[in-house]
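In what follows, a single structure is set out as structure tokens and then discussed.
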Amino acid sequence: MSLLSREIRANFEGHLKPGSGEEELLGQIDCQRIPRHVAIIMDGNGRWAQKRRLPRVAGHRAGIYSVRETVETAARLRMQVLTLYAFSVENWKRPASEVATLMRLLKEFLRKELATLLKNNIRFETLGRIQELDPSIQKELAIAKAKTATNTGLLFNVALNYGGRAELVDAVKQLIACKTSTDGSDFSINEEALASCLYTAGLPDPDLMVRTSGELRVSNFLLWQIAYAEIWVTDTLWPDFRMKDFFEAIIAYQKRDRRYGGLSSQ
Ligand code: FPP
């Protein structure tokens, strides 16, 4: 067993529930081929609550537990980047009370989890039009980013007021601003230039995109970046998503033959 595999397995010591199947699934993961970047569409909170005759926001609240477990699992697996889709530009269409609860949950999460993020060497960042959020949320986000800025482990990205098309529009605006602010002589529009203006500039593209609750949609998430991502969809609703489900996603990903438009390597 390689040093990395041993280290990763040691990270999980005391965190695997006996009889849950987690240990067996962890054993099936090739620790040398952990996806560098996993992006998750956390869906099904409303349905989870509805099934229990609870208000929709109870589903979002329950979903926080899944967020915590997923972030910790990604860090223990030594993943580079985990991006969670928490609030889209389209989500403003929801009732104001639901939007307010989502923002409050985010604030609560950041306050409660900051110590854990620091302890686990996790860096916190956001993707999206953060400047349009309530100033109190912006302040909380800025604190979490500043306090974790020098951490070198997992990069935990939360997509907030995010839209893939909006991101492309913002990137093009930035490119044009760049062109007009220089003499334009060394300016060219190509994939590299556009990618350098995205919110994810400098990050590896997602290798794996996970969607919970069974819907087969991309929902305006990381449209540019998922060009060659493997997609894994589970019927599990987000509040029920646990370490075991995350392990299953990674095992399925490791069985895929990624060809990037070329021929199979096997
Ligand atoms: C989709 O379920 C979920 C969301 C729109 C919000 C997800 C947010 C959280 C889990 C909480 C905050 C996040 C962080 C990172 C602390 P849905 O309401 O669309 O479910 P439905 O399709 O069943 O109605």
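The values are calculated or read from the model by the stated rules, or taken from the named source; none is laboratory data. What you see is a predicted model, and the numbers here were worked out from it, not measured in a lab. All Cβ positions, even for glycine, are placed from backbone atoms using ideal geometry, and neighbour counts span all protein chains on display.
Structure notes:
- When the residues of the range 1-15 are filtered to those that are assigned to a loop (DSSP other than H, G, I, E, B) and touching a residue at least 60 places away in the same chain (Cβ under 8 Å), the one that is surrounded by the fewest Cβ atoms within 10 Å (Cβ to Cβ) is HIS15.
- Any pair with Cβ under 7 angstrom, 6 or more apart, that starts in the range 82-108 at a residue that is free of Cβ contacts under 8 Å to residues at least 60 places away in the same chain and ends at one that is near the ligand (Cβ under 9 Å from one of its atoms) and part of a strand (DSSP E or B): LEU102/PHE87; LEU106/ALA86
- Selection of the range 250-266 for residues being at negative phi and either at pLDDT 80 or above or among the charged types (D, E, K, R) (or both) yields ILE250, ILE251, ALA252, TYR253, GLN254, LYS255, ARG256, ASP257, ARG258, ARG259, GLY262, LEU263.
- Test: residue in the range 23-40 that is within 24 Å of ASN220 (Cβ to Cβ) and either loosely packed, with under 14 Cβ neighbours inside 10 Å or within 12 Å of the ligand (Cβ to nearest atom) (or both): yes
- Filtered by the rule that a residue be basic (Lys, Arg), closer than 17 Å to ARG68 by Cα and touching a strand residue (DSSP E or B) at 6+ places or on another chain (Cβ under 8 Å), the range 81-138 gives a lone residue, ARG123.
- Residues (polar (S, T, N, Q) and within 12 Å of the ligand (Cβ to nearest atom)) located in the range 91-123: ASN91, THR101
- Looking only at residues in the range 42-60 that are more than 8 Å from the ligand (Cβ to nearest atom) and not aliphatic (A, V, I, L, M), the one that is surrounded by the fewest Cβ atoms within 10 Å (Cβ to Cβ) is ARG53.
- Subset tally (residues that are in contact (Cβ under 8 Å) with a residue 12 or more places away in the chain, outside any loop (DSSP other than H, G, I, E, B) and acidic (Asp, Glu)) for the range 189-244: 2
- Single residue of the range 61-90 satisfying the filter (closer than 22 Å to HIS15 by Cβ and near the ligand (Cβ under 8 Å from one of its atoms)) that is surrounded by the fewest Cβ atoms within 10 Å (Cβ to Cβ): ILE64
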